[in-house]
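The values are calculated or read from the model by the stated rules, or taken from the named source; none is laboratory data. Here the structure is a predicted model, which is why all the values come from computation and not from measurement. Virtual Cβ from ideal backbone geometry, glycine too; neighbours counted across all protein chains shown.
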């Protein structure tokens, strides 16, 4: 048995939302900060494991898709705020150590 094709549907949505949010804010973060944001955001969302994204998309109502999108936006916004607040703190800047 293998789980190679199984993934959390929210991973793709969160990554896309992070990229969009950072572009719209014209903010550049290193890959470690982006990964931290992804982890924080994903931990706020319920897991939705699928083999194929289309399997989930096909069975969602437009309202469920909207709710998922809103939840992802909220989770990413909160995660960006949290991670950047810690990253921007003087004690967390590796260049100042």
Among residues of the stretch 40-52, those that are under 15 Å from residue 68 (Cα atoms), in contact with a helix residue (DSSP H, G or I) (Cβ under 6 Å, 6 or more places away or on another chain) and part of a helix (DSSP H, G or I), counted: 2
The stretch 12-39, residues that are within 13 Å of residue 71 (Cα to Cα) and free of Cβ contacts under 8 Å to residues at least 60 places away in the same chain: 13, 17
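The rows are residues; the columns are (1) touching a strand residue (DSSP E or B) at 6+ places or on another chain (Cβ under 7 Å); (2) closer than 20 Å to residue 35 by Cβ; (3) exposed (fewer than 12 other Cβ atoms within 10 Å of the Cβ); (4) modelled with pLDDT of 95 or more.
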site: 60; (1), (2), (3), (4): no, no, no, no
site: 74; (1), (2), (3), (4): no, yes, no, yes
site: 78; (1), (2), (3), (4): no, yes, no, yes
site: 84; (1), (2), (3), (4): no, yes, no, no
site: 89; (1), (2), (3), (4): no, yes, yes, no
Selection status of residue 23, surrounded by fewer than 12 Cβ atoms within 10 Å (Cβ to Cβ), at pLDDT 95 or above and part of a helix (DSSP H, G or I): no
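Which of the following residues is at pLDDT 95 or above, loosely packed, with under 13 Cβ neighbours inside 10 Å and either assigned to a helix (DSSP H, G or I) or on the phi < 0 side of the Ramachandran plot (or both): 4, 64, 16, 35? Before the answer, list the steps.
On the way: 4 fails: at pLDDT 95 or above; 64 fails: at pLDDT 95 or above; 35 fails: loosely packed, with under 13 Cβ neighbours inside 10 Å.
Answer to the check: 16.
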